[in-house]
Structures are given as structure tokens and as C-alpha cells.
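Participant: Structure incoming, see below.
The values are calculated or read from the model by the stated rules, or taken from the named source; none is laboratory data. The shown structure was predicted, so the numbers you read here are calculated from the model rather than taken from an experiment. Here Cβ is always computed from backbone atoms with ideal geometry, including for glycine, and neighbour counts include all displayed protein chains. Just so you know, the surface numbers come from the protein's heavy atoms only, side chains and all, with ligands and any DNA or RNA stripped out. Shrake-Rupley method; radii C 1.70, N 1.55, O 1.52, S 1.80 Å.
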Amino acid sequence: MNIVLLGAPGAGKGTQAKRLVEAYHIPHISTGDILRAAVASSTPLGLEAKKYMDAGELVPDEVVIGMMKERLAEPDATKGFILDGFPRTTAQAVALDEALVQLNTKIDVALSIDVDSEVIVERLSSRRTCEACGRITTASEGEICSVCGGKLVQRADDNEATVRNRLSVYANQTAPLIDYYKGQRILVPIDGDRPVNEVWTDVKAALA
Ligand code: AP5
């Protein structure tokens, strides 16, 4: 199964993707995670991407498309994949479809997780990630991960001003993909403004 997760920053794409990995045993391919790893290792890609990410702007299409073509050609992606944060522009969606034709496959379903902007600003301001195990949680857990004891940290782009810019970038550049996948008759809208387990029930139903 090849799945695209659409949705504004903080809609819960990463949270649902982790459950999909456990349920379907296919890789979670997050452009945000790949780019953050590149930034952390100061690779040429990371040095190029950092200025865009810190400002809440999109990394240029040619950079992201090249990176994702390489990732999708890796052996683990042949059994299916969950794309989180890609595509994010119409140019990326078209390039993805073309790359998948070369690989003799296609996107099966695009889930659009919908959440109101003000709920998102609140969620992202309190999001924390465990440095050690990568678990996503909220500030209410404190400074230490209750699962592995690692340090809980806030993402550099989760301050309110940058979150608001990310939301505006989403509305202008990524929301048009909802119509793109509607046109392909593979879009399934999911109400993401409910408890995680309820959202998960709808995600599973959409894939059944
Ligand atoms: P990226 O890492 O993709 O970030 P994003 O799309 O902004 O999404 P997030 O990871 O912030 O949110 P999410 O939807 O995964 O939510 P989560 O599950 O964590 O991109 C970062 C940057 O990289 C971009 O700004 C851009 O610069 C660059 N980039 C990435 N891809 C690119 C591309 N294709 N092209 C160009 N540039 C690109 O949940 C958020 C919080 O809410 C958590 O605290 C979670 O616990 C909580 N939560 C989740 N679900 C629920 C629920 N149902 N109820 C209550 N709380 C919930």
C-alpha cells in the first residue's frame, strides 16, 4: 500500500504515520525527518535546507524532489510506503507520479487530516520530541521522556510566529493538492480534531 498523508503542520501526520508503520509494516518516509537529520549532520543538503526550515518556508522543489527520488528507489519502499510531508507543491506531486511510473507503482490513497489553525498553533507550541527515542509528546510530560528517560526537546520551527508562517505556506502551496488527489479519486478527508485513537479508527477504515 502506498499512502500519502496530507495535512497542515501539526495536523497529526507523524502521529498517525507511527501507527501505520506498526499496523502495515511499511516505511514511514518523512521529508521533515530526513531534512532535520541532514541539518543535524551539517551535510550540504542540511546547510542548504536549514535557512528555509527555520523560517517556516519550503525547501526548493528541485532539492526535495531529488532527495525523494533516491529514497523511493531504496529496497524497503518496494513493499509500500507512507509519505509524510511530501508532496507539498503541485510540482512535487507531478514529479512523484512520474517517479512512481518509472518504478511501476502509484499512490493508492491520499489521506487529508484536517484540523483548525488555532488548534494547530496550540498543539505545536506544546509539542516535544524525545531526543533519544524520537517519540512525539507534549510539554505537559515535563522535560524527561516517560518511556526511555531521554531529554524532551522543542523543534526550532515550533515557535508561534514560525508556525503561523508554516500555516500560511500550507494554505498557499500545499492545500491545492487536495484538489489534485480529488481529481485522481484517491482523496479521503479525515477529521483530525479529535482524540488520537478516534482519528486512528478513521484512518484504518479509510484503508480497509
Ligand atoms: P515537517 O517536519 O514535515 O513538518 P510539518 O508538516 O510542518 O508537520 P509537523 O511534523 O509539524 O506535524 P505533524 O502533522 O506530523 O503533527 P504531529 O503528529 O507531530 O516539515 C518541516 C519543514 O521541513 C517545513 O516547514 C519545510 O521547511 C521542510 N519540508 C518538509 N517537507 C518538505 C517538502 N516536501 N518540500 C519542501 N520543504 C519541506 O502532531 C503535532 C502535535 O500534536 C504533537 O504534539 C502530537 O502529540 C499532537 N497531536 C497529534 N494528533 C493529535 C490529536 N488527534 N489530538 C491532540 N493532539 C494531537
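Participant: How do the pairs read when you match residues in region 8-23 that are in contact (Cβ under 8 Å) with a residue 40 or more places away in the chain and farther than 15 Å from R166 by Cβ with residues anywhere that are open to solvent by 50 Å² or more (accessible area, probe 1.4 Å) and in a helix (DSSP H, G or I), using Cβ under 7 Å and keeping only pairs 6 or more apart or on different chains?
Facilitator: T15/V196
Participant: Additional query: Which residues, taken from region 46-62, are open to solvent by 60 Å² or more (accessible area, probe 1.4 Å), within 8 Å of the ligand (Cβ to nearest atom) and without any contact (Cβ under 8 Å) to a residue 60 or more places away in the chain?
Facilitator: Keep residues of region 46-62 that are open to solvent by 60 Å² or more (accessible area, probe 1.4 Å), which gives 47-48, 50-52, 54, 57, 62.
The next check asks that each one be within 8 Å of the ligand (Cβ to nearest atom); those that pass are 52, 57.
Answer for region 46-62, where residues must be open to solvent by 60 Å² or more (accessible area, probe 1.4 Å), within 8 Å of the ligand (Cβ to nearest atom) and without any contact (Cβ under 8 Å) to a residue 60 or more places away in the chain: just Y52.
Participant: When region 177-208 is examined, which residues are found to be open to solvent by less than 50 Å² (accessible area, probe 1.4 Å) and within 12 Å of the ligand (Cβ to nearest atom)?
Facilitator: L177, I190, G192, V199, W200, V203, listed by residue number.
Participant: Is there any pair linking a residue in region 127-139 that is in contact (Cβ under 8 Å) with a residue 40 or more places away in the chain to one that is within 11 Å of the ligand (Cβ to nearest atom) and of a type in the set (D, E), with Cβ under 9 Å and at least six apart or on different chains, and which?
Facilitator: R127/D158
Participant: So, one more: Give the number of residues within region 1-26 that are near the ligand (Cβ under 8 Å from one of its atoms) and closer than 24 Å to V94 by Cα.
Facilitator: 8
Participant: Those residues that are outside any loop (DSSP other than H, G, I, E, B) and β-branched (V, I, T), I need them from region 142-151; list them, please. I'd like the intermediate steps shown before the answer.
Facilitator: Applying the first criterion (outside any loop (DSSP other than H, G, I, E, B)) to region 142-151 yields 144, 151.
The one that is outside any loop (DSSP other than H, G, I, E, B) and β-branched (V, I, T): I144.
Participant: I'd like the residue in region 94-140 that is within 9 Å of the ligand (Cβ to nearest atom) and among the polar types (S, T, N, Q) and, out of all such residues, is surrounded by the most Cβ atoms within 10 Å (Cβ to Cβ).
Facilitator: Looking at the filtered set, the residue picked out is T129.
Participant: Which of the residues belonging to region 73-93 are more than 8 Å from the ligand (Cβ to nearest atom) and either surrounded by 20 or more Cβ atoms within 10 Å (Cβ to Cβ) or over 18 Å from the mean Cα position of the chain (by Cα) (or both)?
Facilitator: The answer is A73, E74, P75, D76, T78, K79, F81, I82, L83, A93.
Participant: Return yes when T174 is within 13 Å of the ligand (Cβ to nearest atom), β-branched (V, I, T), surrounded by 18 or more Cβ atoms within 10 Å (Cβ to Cβ) and closer than 28 Å to K106 by Cα and no when it is not.
Facilitator: It is true that T174 is within 13 Å of the ligand (Cβ to nearest atom), β-branched (V, I, T), surrounded by 18 or more Cβ atoms within 10 Å (Cβ to Cβ) and closer than 28 Å to K106 by Cα.
Participant: Here is a further query. Does region 27-37 contain any residue that is acidic (D, E), more than 10 Å from the ligand (Cβ to nearest atom) and either under 26 Å from A175 (Cβ atoms) or without any contact (Cβ under 8 Å) to a residue 24 or more places away in the chain (or both)?
Facilitator: no
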